[in-house]
Amino acid sequence: MASSLNGRVAIVTGGVGGIGAATCRVMAERGARIVVADINRDGAEALAAELPDALALQVDLAEEDEIAALFQATMDRYGRLDVLDNNAALLGHDVVQQDHDIATMSTELWDRTFRVNARGTMICCRHALKIMETQNSGSIINTASNLALQGNVIQSAYSASKAAVLQMTRSIATSHGKRGIRCNSVLPGLTGSRAALEHLPPRLRQIVEEETLTPYLGDPMDIAHAVAFLASDEARYITGQMIVVDGGTSVHIPGFARLSEMIQG
Ligand SMILES: NC(=O)c1ccc[n+]([C@@H]2O[C@H](COP(=O)([O-])OP(=O)(O)OC[C@H]3O[C@@H](n4cnc5c(N)ncnc54)[C@H](O)[C@@H]3O)[C@@H](O)[C@H]2O)c1
C-alpha cells in the first residue's frame, strides 16, 4: 500500500512543471494538502483547482521577498508545514542554450543559475526550517540531478548548482536531524518531462537511452513516487541521502550496458 501523507501540508516549488505536477498529484492522492508554488501563476492555479484543498502561489525563486511571502501565505492558510519539495530549477530554453563548458561560461549565466537553483533552494530551506523547528518535525526533499555526480560537456553551471544542493542536503540533515527534521535529495536522470525532452539534441538522447539500464526512460511519476516516499513516515530513518532515480545510468562504465547484450547474445 502507498505511504500515507494524510493531512500533511506540502509545498512543491516548480509545481507546474513535468516532475513538479506529477509530485503534486501523487502527494495529493496520498492525502497531502498541496501548495503549488511556481513562477507560472496560471499553471499553478489550474493545477491547484484539480486537487483537493490545494493552494496556488506565484513565486519567483530568484526573489527573496517572494519566497518569504510564499511561506507566510502557506502558514496563513494551513498553519503548518510538513513537507518542502524544492523541485524548481532554471531550465528555460535560453538558459540551457547558453550553459556549456566553463571555458565559455558567462558570469551572468552562472549567477542566474545559482540564484534560482542554489540560493533559491537555500532560502526556501531556511524558511521551512524555521517553521519545522517549532513543530519538531518535517521532511525536506531537494531535487538535484545525476549530473551533480557526473561530468558533462554542457550544463556546467546547472550541474554545479545541483552539486551545491546535495551538500546543502547533508548540512541540513546534520544540523536538524535531532529536531525531527529530515532532509534528502532526489537525483533524477533524464526524465520524459517537457523541459527535458524539448531541449535535448537527438544524439544526446540516443546516448542516454543506450546507457540507461532499464528498457525505458523514466517519466515524471518515477520521480514523484520517490519524493512522496521520502516525504512519508516510511522514510523516517532516511536522512542526508541521495536517491538516484535514473534507471542506473550513472552506476556503470559507459558502454557496459551494450556489452551485456553482446555477452548474452
Ligand atoms: N526532467 C529531467 O530529465 C530532469 C533530470 C534531472 C533533474 N531534473 C530536475 O527536476 C526538477 C524538475 O524538472 P522538470 O523536468 O519537471 O522541469 P520543468 O521545466 O518541467 O519544471 C520546472 C518548473 O520550475 C518553474 N520555475 C522555473 N524557474 C522558476 C523560478 N525562478 N521560480 C519559481 N518557479 C520556477 C517552471 O515554471 C516550471 O514549472 C528540476 O529541479 C530539474 O533540475 C530534471
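Laboratory data are not the source of any read-out in this text; all were calculated from the coordinates shown. Just so you know, these numbers come straight off a predicted model, no measurement behind them. So basically every Cβ, Gly included, is an ideal-geometry build from the backbone, and we count neighbours across all protein chains shown.
Structure values in brief
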quantity: MRE, 222 nm, helices only [DSSP H, n ≥ 4, -39500 (n - 2.57), over the chain, to nearest 500]; calculated: -14000 deg cm²/dmol
quantity: C-alpha center-to-center spacing [the range 43-64, the range 193-265] in angstrom; calculated: 28
quantity: Estimated distance in nm for a label pair at Gln72 and Asn136, the labels positioned 7 Å out from Cα along Cα-to-Cβ; calculated: 3.0
quantity: Mean separation of Cα contacts under 8 Å, 6 or more apart, over the residue count of the chain: relative contact order %; calculated: 20
quantity: Förster radius 45 Å - calculated FRET efficiency between Glu29 and Ser106, Cβ distance, rounded to 0.05; calculated: 0.60
quantity: The chain, dipole about Cα centre (Lys/Arg Cβ +1, Asp/Glu Cβ -1), debye to the nearest 20; calculated: 840
quantity: With Cα atoms, 0 to 90° folded angle of helix 202-211 axis to the chain main axis; calculated: 90
quantity: Label-point gap, in nm, between Leu200 and Leu259 - each point 7 angstrom along Cα→Cβ; calculated: 2.4
quantity: Relative contact order, percent, the range 51-151 [alpha-carbon distance under 8 Å, six or more residues apart]; calculated: 40
quantity: Contour minus Cα-Cα distance for Asp60 and Met242 (0.36 nm per residue); calculated: 62.9 nm
quantity: 19 Å reach of a label modelled at Asp53, 7 Å along Cα-to-Cβ, counting backbone N of the range 6-39; calculated: 6-12, 24-37
quantity: Gyration tensor over alpha-carbon atoms, the chain, equivalent ellipsoid semi-axes in Å; calculated: 30, 21, 18
quantity: For the range 92-227: relative contact order, % (alpha-carbon pairs under 8 angstrom, 6 or more apart); calculated: 26
quantity: Listed residues Thr169, His199, Thr113: farthest to the positive end of the dipole of the chain (Cβ charges); calculated: Thr169
quantity: Prolate/oblate/rounded call for the range 188-265, Cα gyration tensor, a/c under 1.5 rounded; calculated: oblate
quantity: Highest to lowest packing among 173-182, 124-133, 218-227, scored as the average C-beta count within 10 Å; calculated: 218-227, 124-133, 173-182
